[in-house]
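Encoded as C-alpha coordinates, the structure appears first; notes follow it.
The values are calculated or read from the model by the stated rules, or taken from the named source; none is laboratory data. None of the values given here were measured: they were computed from a predicted structure. Glycine gets a Cβ as well: all are built from the backbone with ideal geometry, and neighbour counts include every protein chain shown.
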Amino acid sequence: MESKRLEISGYAVVGDDDRIADASGMMPDSLQNDAEWEFFQAALDEAEITIIGRRSHDAVPNHKNRRRLVLTTKIRSPETHGNVVYWNPNEAPLTSVLSSFSTNARKLAVVGGQQVFDHFLTGPTRFDHFYLSRIEGVTLPGGRGVFGAVTQNGLTAEEVLVRANYLKKSHQVLATKVTVANWEPLS
Ligand SMILES: NC(=O)c1ccc[n+]([C@@H]2O[C@H](COP(=O)([O-])OP(=O)(O)OC[C@H]3O[C@@H](n4cnc5c(N)ncnc54)[C@H](OP(=O)(O)O)[C@@H]3O)[C@@H](O)[C@H]2O)c1
(Lines give C-alpha, C1' and ligand atoms only; values in the text may rest on other atoms or scores of the structure.)
Protein backbone atom coordinates (compact mmCIF):
# COMPACT_ATOMS: atom_id res chain seq x y z
CA MET A 1 0.00 0.00 0.00
CA GLU A 2 1.14 3.56 -0.73
CA SER A 3 2.25 5.32 2.46
CA LYS A 4 0.81 8.78 3.12
CA ARG A 5 1.94 11.51 5.50
CA LEU A 6 0.01 11.33 8.74
CA GLU A 7 -2.05 14.29 9.95
CA ILE A 8 -2.51 14.17 13.71
CA SER A 9 -5.11 16.45 15.27
CA GLY A 10 -5.90 16.73 18.98
CA TYR A 11 -9.31 17.74 20.35
CA ALA A 12 -9.95 18.82 23.94
CA VAL A 13 -12.71 20.76 25.63
CA VAL A 14 -11.97 22.66 28.83
CA GLY A 15 -13.48 25.32 31.06
CA ASP A 16 -11.80 28.53 32.19
CA ASP A 17 -9.28 26.60 34.29
CA ASP A 18 -8.09 24.25 31.50
CA ARG A 19 -9.53 21.07 33.09
CA ILE A 20 -10.91 18.22 30.97
CA ALA A 21 -12.57 16.39 33.86
CA ASP A 22 -13.79 17.17 37.37
CA ALA A 23 -12.22 16.15 40.68
CA SER A 24 -13.80 12.68 40.41
CA GLY A 25 -12.05 12.17 37.05
CA MET A 26 -15.28 12.34 35.05
CA MET A 27 -16.22 14.78 32.31
CA PRO A 28 -19.14 16.80 33.75
CA ASP A 29 -22.27 17.95 31.88
CA SER A 30 -21.04 21.54 32.21
CA LEU A 31 -18.37 20.76 29.56
CA GLN A 32 -21.01 19.44 27.13
CA ASN A 33 -22.24 21.89 24.54
CA ASP A 34 -24.23 21.18 21.36
CA ALA A 35 -22.14 23.39 19.06
CA GLU A 36 -18.88 22.01 20.42
CA TRP A 37 -20.20 18.45 20.14
CA GLU A 38 -21.12 19.05 16.51
CA PHE A 39 -17.63 20.43 15.78
CA PHE A 40 -16.01 17.46 17.55
CA GLN A 41 -18.18 14.81 15.89
CA ALA A 42 -17.57 16.31 12.41
CA ALA A 43 -13.83 16.05 13.08
CA LEU A 44 -14.15 12.42 14.19
CA ASP A 45 -16.24 11.63 11.10
CA GLU A 46 -13.44 12.97 8.94
CA ALA A 47 -10.66 11.12 10.77
CA GLU A 48 -9.95 7.51 9.89
CA ILE A 49 -8.77 6.54 13.38
CA THR A 50 -9.58 7.92 16.84
CA ILE A 51 -6.73 7.71 19.35
CA ILE A 52 -7.91 7.46 22.94
CA GLY A 53 -6.73 6.58 26.45
CA ARG A 54 -7.88 3.30 27.95
CA ARG A 55 -9.98 5.01 30.67
CA SER A 56 -11.81 7.24 28.20
CA HIS A 57 -12.31 4.24 25.91
CA ASP A 58 -13.91 2.35 28.80
CA ALA A 59 -16.04 5.37 29.77
CA VAL A 60 -17.27 6.52 26.36
CA PRO A 61 -19.33 4.00 24.32
CA ASN A 62 -18.25 3.62 20.70
CA HIS A 63 -21.76 4.02 19.21
CA LYS A 64 -20.53 4.66 15.67
CA ASN A 65 -18.12 1.72 15.82
CA ARG A 66 -15.25 4.02 14.86
CA ARG A 67 -11.74 2.62 14.50
CA ARG A 68 -10.16 3.24 17.89
CA LEU A 69 -6.49 3.03 18.83
CA VAL A 70 -6.49 2.65 22.62
CA LEU A 71 -3.36 3.49 24.62
CA THR A 72 -2.62 1.15 27.52
CA THR A 73 0.40 0.05 29.54
CA LYS A 74 -1.15 -3.38 30.13
CA ILE A 75 0.11 -5.11 26.98
CA ARG A 76 3.38 -5.42 25.07
CA SER A 77 2.26 -6.24 21.52
CA PRO A 78 -0.77 -4.61 19.89
CA GLU A 79 -4.06 -6.47 20.34
CA THR A 80 -6.92 -6.20 17.87
CA HIS A 81 -10.58 -6.61 18.80
CA GLY A 82 -12.68 -5.75 15.75
CA ASN A 83 -12.30 -2.02 15.10
CA VAL A 84 -10.38 -1.51 18.34
CA VAL A 85 -6.61 -1.90 18.60
CA TYR A 86 -4.90 -1.72 21.99
CA TRP A 87 -1.42 -0.19 21.85
CA ASN A 88 1.41 0.39 24.30
CA PRO A 89 3.47 3.29 22.90
CA ASN A 90 6.42 2.24 25.08
CA GLU A 91 6.65 -0.99 23.09
CA ALA A 92 5.90 -0.04 19.46
CA PRO A 93 5.93 3.16 17.38
CA LEU A 94 2.68 4.65 16.11
CA THR A 95 3.57 4.05 12.47
CA SER A 96 3.94 0.30 13.02
CA VAL A 97 0.73 -0.15 15.00
CA LEU A 98 -1.35 1.58 12.32
CA SER A 99 -0.88 -1.45 10.08
CA SER A 100 -3.10 -3.35 12.54
CA PHE A 101 -6.07 -1.52 11.01
CA SER A 102 -7.54 -2.57 7.68
CA THR A 103 -7.12 0.92 6.24
CA ASN A 104 -4.22 3.04 5.06
CA ALA A 105 -5.08 5.85 7.46
CA ARG A 106 -3.82 9.40 7.10
CA LYS A 107 -6.05 11.49 9.38
CA LEU A 108 -5.83 10.65 13.06
CA ALA A 109 -7.92 12.30 15.80
CA VAL A 110 -6.44 12.28 19.31
CA VAL A 111 -9.20 12.74 21.90
CA GLY A 112 -7.33 12.38 25.21
CA GLY A 113 -7.29 12.20 28.15
CA GLN A 114 -4.40 13.94 29.81
CA GLN A 115 -1.54 11.47 29.35
CA VAL A 116 -2.54 10.91 25.74
CA PHE A 117 -2.47 14.66 25.06
CA ASP A 118 0.94 14.81 26.79
CA HIS A 119 2.19 11.95 24.62
CA PHE A 120 1.35 13.72 21.35
CA LEU A 121 2.39 17.21 22.49
CA THR A 122 6.06 16.48 21.83
CA GLY A 123 8.10 13.80 20.12
CA PRO A 124 8.25 12.36 16.61
CA THR A 125 4.50 11.84 16.24
CA ARG A 126 3.31 15.12 17.68
CA PHE A 127 0.18 17.07 16.81
CA ASP A 128 -0.11 18.86 13.50
CA HIS A 129 -3.09 20.66 15.02
CA PHE A 130 -4.34 20.91 18.57
CA TYR A 131 -7.93 22.18 18.80
CA LEU A 132 -8.62 23.56 22.25
CA SER A 133 -12.32 24.20 22.78
CA ARG A 134 -13.35 26.31 25.75
CA ILE A 135 -16.69 26.68 27.52
CA GLU A 136 -16.52 30.04 29.29
CA GLY A 137 -17.86 30.30 32.82
CA VAL A 138 -17.06 26.69 33.78
CA THR A 139 -14.45 25.85 36.39
CA LEU A 140 -13.59 22.39 37.71
CA PRO A 141 -11.66 22.83 40.99
CA GLY A 142 -9.36 19.91 41.68
CA GLY A 143 -10.07 18.54 38.20
CA ARG A 144 -7.80 16.91 35.65
CA GLY A 145 -5.80 19.37 33.52
CA VAL A 146 -5.71 19.00 29.76
CA PHE A 147 -1.95 18.50 30.09
CA GLY A 148 -0.03 17.12 33.06
CA ALA A 149 1.75 20.44 33.61
CA VAL A 150 -1.62 22.19 34.11
CA THR A 151 -2.37 20.01 37.10
CA GLN A 152 1.17 19.48 38.38
CA ASN A 153 2.85 22.85 37.72
CA GLY A 154 -0.14 25.19 37.67
CA LEU A 155 0.51 26.28 34.07
CA THR A 156 -2.26 27.32 31.73
CA ALA A 157 -2.88 25.20 28.63
CA GLU A 158 -1.67 28.15 26.57
CA GLU A 159 1.62 28.28 28.51
CA VAL A 160 2.14 24.55 28.00
CA LEU A 161 1.52 24.85 24.27
CA VAL A 162 3.82 27.86 23.89
CA ARG A 163 6.59 26.10 25.87
CA ALA A 164 6.18 23.07 23.58
CA ASN A 165 6.71 25.42 20.61
CA TYR A 166 3.14 25.69 19.35
CA LEU A 167 1.56 28.84 17.99
CA LYS A 168 -2.12 29.80 18.05
CA LYS A 169 -3.13 29.95 14.37
CA SER A 170 -6.84 30.70 14.61
CA HIS A 171 -9.67 31.26 17.02
CA GLN A 172 -13.30 30.52 16.18
CA VAL A 173 -16.53 31.27 18.04
CA LEU A 174 -18.76 28.18 17.93
CA ALA A 175 -21.59 29.60 20.06
CA THR A 176 -22.11 32.11 22.86
CA LYS A 177 -19.31 31.52 25.36
CA VAL A 178 -17.95 28.58 23.30
CA THR A 179 -14.74 28.97 21.31
CA VAL A 180 -12.13 26.78 19.67
CA ALA A 181 -8.49 27.70 19.08
CA ASN A 182 -6.28 25.87 16.59
CA TRP A 183 -2.67 25.50 17.73
CA GLU A 184 0.08 24.27 15.41
CA PRO A 185 3.75 23.43 16.02
CA LEU A 186 6.20 26.07 14.82
CA SER A 187 8.41 23.56 12.99
N1 LIG B 1 -12.79 17.29 28.13
C2 LIG B 1 -12.10 16.57 27.27
O3 LIG B 1 -11.71 17.04 26.20
C4 LIG B 1 -11.79 15.14 27.61
C5 LIG B 1 -10.96 14.41 26.74
C6 LIG B 1 -10.67 13.11 27.09
C7 LIG B 1 -11.18 12.56 28.24
N8 LIG B 1 -11.97 13.29 29.04
C9 LIG B 1 -12.50 12.73 30.29
O10 LIG B 1 -11.38 12.49 31.14
C11 LIG B 1 -11.59 11.27 31.86
C12 LIG B 1 -10.49 10.24 31.59
O13 LIG B 1 -9.31 10.83 31.21
P14 LIG B 1 -7.94 10.41 31.90
O15 LIG B 1 -6.94 11.45 31.55
O16 LIG B 1 -8.19 10.12 33.33
O17 LIG B 1 -7.63 8.99 31.26
P18 LIG B 1 -7.32 8.50 29.75
O19 LIG B 1 -6.22 9.28 29.13
O20 LIG B 1 -8.56 8.34 29.00
O21 LIG B 1 -6.79 7.04 30.08
C22 LIG B 1 -5.62 6.89 30.84
C23 LIG B 1 -5.09 5.53 30.55
O24 LIG B 1 -4.66 5.45 29.19
C25 LIG B 1 -3.46 4.69 29.10
N26 LIG B 1 -2.40 5.59 28.66
C27 LIG B 1 -2.44 6.96 28.54
N28 LIG B 1 -1.29 7.43 28.06
C29 LIG B 1 -0.49 6.36 27.87
C30 LIG B 1 0.84 6.20 27.39
N31 LIG B 1 1.58 7.25 26.98
N32 LIG B 1 1.34 4.96 27.33
C33 LIG B 1 0.61 3.88 27.70
N34 LIG B 1 -0.66 3.96 28.17
C35 LIG B 1 -1.19 5.19 28.25
C36 LIG B 1 -3.25 4.10 30.49
O37 LIG B 1 -4.05 2.93 30.48
P38 LIG B 1 -3.81 1.64 31.42
O39 LIG B 1 -4.29 2.05 32.78
O40 LIG B 1 -4.67 0.59 30.79
O41 LIG B 1 -2.35 1.34 31.37
C42 LIG B 1 -3.88 5.17 31.38
O43 LIG B 1 -4.25 4.70 32.65
C44 LIG B 1 -12.93 10.71 31.41
O45 LIG B 1 -13.92 11.13 32.31
C46 LIG B 1 -13.16 11.38 30.07
O47 LIG B 1 -14.53 11.53 29.76
C48 LIG B 1 -12.30 14.58 28.75
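What the table below lists for this structure:
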{"read-out": "Any hit, the stretch 84-100, residues being under 16 Å from Ile20 (Cβ atoms) and aliphatic (A, V, I, L, M)", "value": "no"}
{"read-out": "Test result for Phe117, in contact with a Ser or Thr (Cβ under 9 Å, 6 or more places away or on another chain), aromatic (Phe, Trp, Tyr) and either within 11 Å of the ligand (Cβ to nearest atom) or closer than 21 Å to Gly145 by Cβ (or both)", "value": "no"}
{"read-out": "Residue within the stretch 146-157 that is in a loop (DSSP other than H, G, I, E, B), within 24 Å of Val60 (Cβ to Cβ) and modelled with pLDDT of 95 or more present", "value": "yes"}
{"read-out": "Unique match (being in contact with a helix residue (DSSP H, G or I) (Cβ under 6 Å, 6 or more places away or on another chain) and part of a loop (DSSP other than H, G, I, E, B)) among Val138, Val160, Val85", "value": "Val138"}
{"read-out": "Residue that is farthest from the chain's Cα centre (by Cα), among those in the stretch 59-85 that are at pLDDT 95 or above and near the ligand (Cβ under 8 Å from one of its atoms)", "value": "Lys74"}
{"read-out": "Residue among Ile52, Ile20, Ile8 that alone is under 18 Å from Asn182 (Cβ atoms), at pLDDT 95 or above and within 8 Å of the ligand (Cβ to nearest atom)", "value": "Ile20"}
{"read-out": "Breaking point among (1) closer than 21 Å to Ile8 by Cβ; (2) buried (at least 16 other Cβ atoms within 10 Å of the Cβ); (3) near the ligand (Cβ under 10 Å from one of its atoms), for Glu91", "value": "(2)"}
{"read-out": "Only one of Ala105, Ala35, Ala47, Ala109 that is away from the ligand (no atom under 11 Å from the Cβ), surrounded by fewer than 19 Cβ atoms within 10 Å (Cβ to Cβ) and either at pLDDT 95 or above or under 13 Å from the mean Cα position of the chain (by Cα) (or both)", "value": "Ala35"}
{"read-out": "Out of Arg134, Arg106, Arg126, sole residue that is farther than 22 Å from Leu6 by Cβ and of a type in the set (Lys, Arg)", "value": "Arg134"}
{"read-out": "Residue within the stretch 138-157 that is in contact with a Leu (Cβ under 8 Å, 6 or more places away or on another chain) and more than 13 Å from the ligand (Cβ to nearest atom) present", "value": "yes"}
{"read-out": "Near pairs, Cβ below 6 angstrom, 6+ apart or cross-chain, from the stretch 65-90 (without any contact (Cβ under 8 Å) to a residue 60 or more places away in the chain) to any residue that is part of a strand (DSSP E or B) and among the hydroxyl-bearing types (Ser, Thr, Tyr)", "value": "Arg66/Thr50; Arg68/Thr50; Val70/Tyr86; Thr72/Tyr86; Ile75/Tyr86; Glu79/Tyr86"}
{"read-out": "Residues located in the stretch 23-32, provided they are of a type in the set (A, V, I, L, M, F, W, C) and either under 15 Å from Val116 (Cα atoms) or more than 8 Å from the ligand (Cβ to nearest atom) (or both)", "value": "Ala23"}
